[in-house]
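Structure, as structure tokens:
The values are calculated or read from the model by the stated rules, or taken from the named source; none is laboratory data. These figures come from a predicted structure and were not determined experimentally. Positions of Cβ are generated from backbone atoms using ideal geometry, with glycine treated the same way; all protein chains shown enter the neighbour counts.
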Amino acid sequence: MALRDLAYTHNDFPYLVFYPGGKKNKGVRSIPNKVRKESLSRIHTIVERLVRGRTSEEVAALQQFLQLEGQSLLPVLLDKEGELYHSGLVKPELFLYRVFDSEHGIPIHKEYLFETKISMMSNEQLEKQLQSLIQQYMYCASIHQTSRVEWIRALEKRFEHHPLVQFAHTKREELQAVERMNRSNLLSQLKYPEDLSYWRHRVEIVMRPFRSIPTDWLWSEGDACEHDKEMYVYSGQEELELHCEICDYSVFLKDDALRLEEEFDIEKAKKRIHTIERHFNEITEKNEGVLDKIKRLDAIQQRSSHYEQEWKEIQHLLGKIQALPKHKGDQPTSKWIDLFQAIEAMHLPKVEHPSPLVWLSYVELPNVSMLKRVEEWEGLLNQDVSSELNHLKMELASYVEGNAMTPEEEFTKVNKQPFYWGEVEQVLQFVHDYSGVYPAHTITQVLIGKATNKIRTEQLDKAIQFGAMEDWQEKDAMKALKSLEKQGFLKKLQKGFALTDQAVPYIQETL
């Protein structure tokens, strides 16, 4: 609804426009003489004088904002009796980007009200407040000329052009390298810990400006983060705030300059980044031994890649061993397994970088003990690798075969009753076929062969697993399910169970 449809004007006060204040106040009918003679006359006299100091363009923009005609330009809110609603004066944010219902008055929130009573203010105090208020309305009128969506987009773009953000983008690789290196386990292997301690202390200071901005804002591919944002207008300070609730972060626009939540000396930030990069590179010059071992690990990784197929077959056997329900005897161990698992989990930069800081920050070792095994692994790779790996495969395959369980073999006991592996396989198969469909008590009834009306209706009495545990009590069958859950074969769902990865090798896919 147009704001003008709620407006009420009075010939005695052409510069004022009156609105019904409060949701239940549907309209202004009249204004009592007492109110006109006291408060409104004072307000109007001052406003009339203040308007003369404004340009015609400013007045036109304000009237367009409030959808006014004639001379009216300052809103005053009245209650049902025509008295001033509190002081009658409200902040312009109340009208900004708002649509009002024709069946109700203007709903008021406390943050838009001035609690001061007009009758308690001197003319000087009232003029000062009205002068400030008109300026606030002028500010909101200028804001209103651009839509909220366009403002949000403009503020996001302004953020991207903030000097600190622009500098961060030019030094993105170095800044992210500092953060990675500061968390790297390689630091524990570098010599001269007092130098490293000082470097890490400086990192906390140097990185503070960049850490003050959320990652989603600072390193966004677009402008600021991708979340929906709100814009808040503070007419008293003539300031806009762009806020992301998810990131809990804001930027501000005042006097056509965008301000971050916390501002820093840009030139000092630039110098400090250069200094800590140079300092770390000097530390690496004293640690050529560590750098050499990392490069040798790279060579080991390249040589071991020639045996990728053999390693995949070994991994398959290791997966089978991991899934074995029971282990008899000691599982085979091998330095080859240690080597390939470590090398597979390792990440090394593919190309050199002129900055040792950046290059080393891309090095990821699952365990720094790898550096101590470089010579050992180089020696292993000088052997007949294919023959050694084939021998390891045979050992693992033999272990898998020797640990395979027969259906008649006891897996565990539940309430002193043997739980045979054949029964376990039947339970796992049924859970697989009906995962998440039936609750636990229905599953146990099927397994013990209890043909209830529901089971017959669902034709579960025709399932292969019906009666697979016919010698069991229902309560013990339920305990058997919980035992399989505890041992990692089943996981509880909102309804019934599902298989874990550990159980998958023991089921047959059904068509």
Within segment 232-263, the residues that are within 20 Å of the chain's Cα centre (by Cα), under 18 Å from ARG148 (Cα atoms), of a type outside the set (A, V, I, L, M, F, W, C) and assigned to a strand (DSSP E or B) are HIS243, SER250
Checking GLU226, GLU204, GLU221 in turn, the sole residue that is surrounded by fewer than 18 Cβ atoms within 10 Å (Cβ to Cβ), acidic (Asp, Glu), assigned to a helix (DSSP H, G or I) and assigned by TED's automatic domain parsing to the domain that holds PRO163 turns out to be GLU204
Checked against (1) among the hydrophobic types (A, V, I, L, M, F, W, C); (2) within 45 Å of the chain's Cα centre (by Cα); (3) assigned to a strand (DSSP E or B), PHE419 satisfies every condition except (2)
Within segment 434-461, restricting to residues that are under 39 Å from the mean Cα position of the chain (by Cα) and part of a loop (DSSP other than H, G, I, E, B), the one that is nearest to LEU499 (Cα to Cα) is SER435
Filtering helices (runs of 4 or more DSSP H) wholly in segment 328-395 for at least 1 residues that are assigned by TED's automatic domain parsing to the domain that holds ASN182 and surrounded by fewer than 16 Cβ atoms within 10 Å (Cβ to Cβ) gives none
By residue number, the members of segment 264-283 that are outside any helix (DSSP H, G or I) and in contact (Cβ under 8 Å) with a residue 40 or more places away in the chain are PHE264
- [ ] Report yes if THR146 is closer than 30 Å to GLY53 by Cα and free of Cβ contacts under 8 Å to residues at least 12 places away in the same chain, otherwise no.
- [x] yes
Those residues of segment 63-87 which are among the small types (Gly, Ala, Ser) and either touching a residue at least 60 places away in the same chain (Cβ under 8 Å) or not in a loop (DSSP other than H, G, I, E, B) (or both) amount to GLY70, SER72
When restricted to GLU239, GLU267, GLU277, the only residue closer than 15 Å to HIS162 by Cα and at pLDDT 95 or above is GLU267
**Asked** Would it be correct to say that LYS34 is at pLDDT below 85 and either out of contact with any Asp or Glu (no Cβ under 9 Å at 6 or more places or on another chain) or under 26 Å from HIS109 (Cβ atoms) (or both)?
**Response** no
Restricting segment 399-423 to residues that are out of contact with any His (no Cβ under 9 Å at 6 or more places or on another chain) and within 13 Å of LEU324 (Cα to Cα), the one surrounded by the most Cβ atoms within 10 Å (Cβ to Cβ) turns out to be PHE411
Worksheet item: On the given criteria, is ILE43 under 19 Å from SER119 (Cα atoms) and assigned to a helix (DSSP H, G or I)?
Response: yes
Within segment 473-494, residues farther than 16 Å from GLU423 by Cβ, surrounded by 13 or more Cβ atoms within 10 Å (Cβ to Cβ) and among the basic types (Lys, Arg) come out as LYS491
Within segment 232-247, residues aliphatic (A, V, I, L, M) and surrounded by fewer than 19 Cβ atoms within 10 Å (Cβ to Cβ) come out as ILE246
